[in-house]
DNA sequence: GTCGAGCCTCACACCGGTGTCAAGGTGGGA
DNA sequence: TCCCACCTTGACACCGGTGTGAGGCTCGAC
């Protein structure tokens, strides 16, 4: 599909899609006329990227993480250098801390909302 | 305590502490000489702010959330306007989605790491 | 052939979080 | 008294994610 369709289906501006490509997060083939061509699975990938970005990860980390997140994961391990594994481990731990922190605060907000809605009203 | 101590204890630059104050996330009294004075509990609060920022929330949202996260929560409900409750509800849901997304991806990374470490090595 | 929609690249601009530096006040110890 | 560490405000600058617009090409429909 072309960029317009991908843009609509992922609710992501064309600008951003080009940016993600520039950052190496997604790839596209080109038609003879220079138009980008996207595979069907890019839809999911873009949504995943958005989610990770929204979760606070920078593109350069996402770029490292994405290759591990493909479906037939166990089959074609990319060439995992020790540094990359270290980065991934580090990042996984960061994510865990982030998750814990988010959960704590989400629950606090939730409790608060419950309390407010439940009080004398 | 003064800004230097708070900075050390929270591992946060003085610059950022002033910025957080400027954004209304923390408050300080002033000594006659103009120096900022911080209460003991600011340490926890700053750490919480850092966590939320790191989790991807912008300061203006954190500012709204923080008042709900104080210890004697059930006691002094701040004046919760309907708009604010709506914002909080919205943000809570965003946090939940973020959490889910982070967990999914964290687990995927984790699985990948497990697979790599477990394969023929 | 021409018009419009969609695509291309390039570039400037914004905003939020943060670093850094300048110029200056404060205050305790040698 | 002087020095140094610490504080103040203010400004400029960066980086990453994103918007926007200019100038130009492509392609299908009329």
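The values are calculated or read from the model by the stated rules, or taken from the named source; none is laboratory data. None of the values given here were measured: they were computed from a predicted structure. With ideal geometry, Cβ positions are generated from the backbone for all residues, glycine too; neighbour counts draw on all protein chains shown.
Table for the structure above
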| item | result |
| --- | --- |
| Helices (runs of 4 or more DSSP H) enclosed by segment A:1-120 - at least 3 residues per element that are more than 16 Å from DNA strand D (Cβ to nearest atom) | A:82-118 |
| Residue in segment A:68-87 that is at pLDDT below 95, surrounded by 14 or more Cβ atoms within 10 Å (Cβ to Cβ) and under 21 Å from residue B:90 (Cβ atoms) present | no |
| Only listed residue being at pLDDT 90 or above and within 7 Å of another protein chain (Cβ to nearest Cβ), chosen from A:27, A:103 | A:103 |
| Cβ-Cβ under 6 Å pairs, at least 6 apart or on other chains, segment A:50-62 side more than 8 Å from every other protein chain (Cβ to nearest Cβ) and at pLDDT 85 or above, far side within 7 Å of DNA strand D (Cβ to nearest atom) and outside any helix (DSSP H, G or I) | A:59/A:23 |
